[in-house]
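Working notes, beginning with the structure itself.
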Amino acid sequence: MYSILAYATRFKQLFAVVLGAIGLLQLFSSTAAAQPYPNKPITVIVGYAPGGGLDSFCRMVMIAMSERMGQPMVVQNRPGADGHIGLSAVGKAAPDGYTLSCVPHSMTQSVHMKPLDINFFKDLAPVSLLVTWNWTLLVRPDLPVKNLQEFIASSTTRPTPYNFGTSGASARLTAALLQVRSGAKLMVVPFTGTSPALVAMMGGHVDASFAAYTEVAEFVKTGRLRALAILAGQRISAAPDVPAITEFYPGFDPSAWYGLVGPGALPKAIVDKLNSEFNAVLNEPGMSQKLSDRGWYPKTSTPQQFGELIRSDHERYGQVIKQYDIK
């Protein structure tokens, strides 16, 4: 009898130990779950090659954001298919806040021109508009034109159209819009990126191109390229001597911006936290000035406002692409 009682007592002791261990595991699990976001590095995808405007901007901002968030925000380049590889990657990522993406306005255009293997609206969560910027119309310095009017006029009278280097859906679409609005005659020559197009122009292989001013400021200052116009509603502080295109064609102001998105099912609490933190960093006077000096103008928003901008640009550019059969 004593042996049976001893075994029963021992079993109760072991059972208590097991229950205690389970309790500790639950406690640790609850503590881990309750850890504030973020508690590990965050991957920020850029769907374009290193060295371009979006990549440079994203890396500059993520350095400051890493310090503010207390975790590394690691930029990862996934170039290809006009940014669609990057969009697909973030759209398919776990909605835990540890995979985000810096995106350009051209994503609202490219989805009309080639298929995307995620649902553009359901699988991407708008977090915030970050900055606006402007295309610059550039020509090679030996081209016999000194301003925009001469460039447009000569394009219609010379034997062959000007070769116009483009990279990506946005540049192709903007070149088409410029031809429609001004009557310019241009032969679009596609490149895989802005840098190759600029190299080709400086080498005399193409006559003109578009680029963000931040990418070409030094080339313009040293005379290796000539800036004819900023595609904006007014002149920009980074290039006050370059006229705005609206000085010649009122209302022609193609919007350009960079923003932040996450996976579609990203929890509202994480979206709101990211939105708040990015707004704080971009509107800090030192950062704001640093960005403005390079042609990026902080313009933050709520997630809802950014979502509305994405939808309106998607609809607006979709109509233009269909109307002019832009491929």
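Taking amide H atoms as placed 1.01 Å from N in the peptide plane, the amide H of V131 lies under 5 Å from those of Y258, K299, each 5 or more residues away in sequence or on another chain. Here the chain is treated with +1 on each Lys and Arg Cβ and -1 on each Asp and Glu Cβ, and its dipole about the Cα centre works out to around 460 debye. Using a simple spin-label model with pseudo-atoms 7 Å out from Cα toward Cβ, E218 and V74 lie 2.8 nm apart. Legend: translational diffusion of segment 230-295 by Stokes-Einstein, Rh = Kirkwood radius over C-alpha pairs, 25 °C, 0.890 mPa s; D = 169 µm²/s.
For K40, the lysines whose Cα comes closer than 24 Å to its Cα, not counting residues fewer than 8 places off in the same chain, are K92, K268, K273. In terms of packing, defined here as the mean over residues of other Cβ atoms within 10 angstrom, the peptides 173-185, 149-161, 129-141 line up highest first as 129-141, 173-185, 149-161.
Potential lengthening of the chain between K268 and I63 amounts to 71.4 nm, from the contour at 0.36 nm per residue minus the alpha-carbon distance. Largest first, the three principal axis extents of the alpha carbons in segment 160-209 are 27, 23, 11 Å in whole numbers. In the chain, the longest principal axis of the Cα atoms and the axis of helix 53-69 are about 30 degrees apart. Within the chain, DSSP assigns beta bridges of which about 55% are antiparallel (rounded to the nearest 5).
So if I take the alpha carbon set of the chain, get Rg, then get Rh from the Kirkwood formula, what is the Rg over Rh ratio?
When Rh is taken as the Kirkwood radius, the ratio is 1.19.
Set Lys and Arg Cβ to +1 and Asp and Glu Cβ to -1, take the dipole of the chain about its Cα centre, and tell me which of M60, P50, V206 lies farthest positive. My answer, from the dipole projection, is P50. Only lysines eight or more places from K146 in sequence, or on another chain, were considered; those with a Cα closer than 24 Å are K185, K221.
Here is how the number arises for the chain: DSSP H runs of 4 or more residues each give -39500 (n - 2.57), the sum is divided by the residue count, and the result at 222 nm is -14500 deg cm²/dmol. Each label was represented as a point 7 Å from its Cα along the Cα-to-Cβ direction; for T43 and E308 these points are 3.4 nm apart. Once the chain from D325 to V180 is taken as fully extended at 0.36 nm per residue, the excess over their C-alpha distance is 51.0 nm. For T166, enumerate residues with amide H under 5 Å from its amide H, sequence gap 5+ or separate chain, H modeled in the peptide plane. Hits under the 5 Å cutoff: V189, F191.
Rank-order 273-279, 260-266 by packing density, defined as the average count of other C-beta atoms within 10 Å over each peptide's residues, highest first.
Per-residue mean Cβ counts within 10 Å order the peptides as 260-266, 273-279.
Quick note: the coordinates plus some simple rules give every number you see, no bench work behind them. Predicted model only: the values in this text are computed from it and were never measured. In this analysis, Cβ positions are derived from the backbone assuming ideal geometry, glycine residues included, and neighbour counts consider all displayed protein chains.
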